[in-house]
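Colleague: Just passing along the structure, written as structure tokens.
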Amino acid sequence: MELHLEELLGKITDFMKSEANTETVVGKQFDLGEFKCVPVIKVGMGFGSGGGEGTDSKIKKGQGMGAGAGVGIEPIGFLVTKGDRISFLEAGKSHGLAAVFEKIPELIEKISVNKKKEEASV
């Protein structure tokens, strides 16, 4: 059994070129009113392979090999342009009023704990 590592890596690289892009993950560039929005992704990948051979009293000669690859793709935000201004808007991060609403449960918990401390000290 012969492992063609260069051929395997070539096929994996071709797959990555065709699949690991913003269009297949989050979509194409789009217009939103006066703004142009371009999706941005983060791609991470890893490769590994190994092989060996040996002899045994029952088997004259044995070989074994394996290879693997992993890919992680994550949308991280959008480049937003309006005229000659460009800014980056992070995905998954709340801004403005939305960020305040996300903090409300934490704030209620703190108020409740402080009230219980005050009642216990009286």
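Derivation of every value follows stated rules applied to the coordinates shown; laboratory data play no part. Only a predicted model underlies this, so the values are computations on that prediction, with no experimental measurement involved. In this analysis, Cβ positions are derived from the backbone assuming ideal geometry, glycine residues included, and neighbour counts consider all displayed protein chains.
Colleague: Between Leu9 and Glu74, what FRET efficiency comes out of the Förster formula 1/(1 + (r/R0)^6) with R0 = 25 Å and r the beta carbon distance, rounded to 0.05?
Modeller: 0.60
Colleague: Using label points projected 7 Å from each Cα along Cα→Cβ, tell me how many nm separate Phe30 and Lys110, to one decimal.
Modeller: A separation of 3.6 nm, rounded to one decimal place.
Colleague: Here is a follow-up. About its Cα centre, how strong a charge dipole does region 5-91 have in debye, to the nearest 20, once Lys and Arg get +1 and Asp and Glu get -1 at the Cβ?
Modeller: So the magnitude is around 200 debye.
Colleague: Hey, which lysines would be in cross-link range of Lys60, C-alpha to C-alpha under 27 Å, not counting anything within fewer than 8 residues on its own chain?
Modeller: Straight-line reach from Lys60, under 27 Å: no lysines qualify.
Colleague: Right, next: Hey, which aspartates and glutamates would be in cross-link range of Lys116, C-alpha to C-alpha under 19 Å, not counting anything within fewer than 8 residues on its own chain?
Modeller: Reachable aspartates and glutamates: Glu106.
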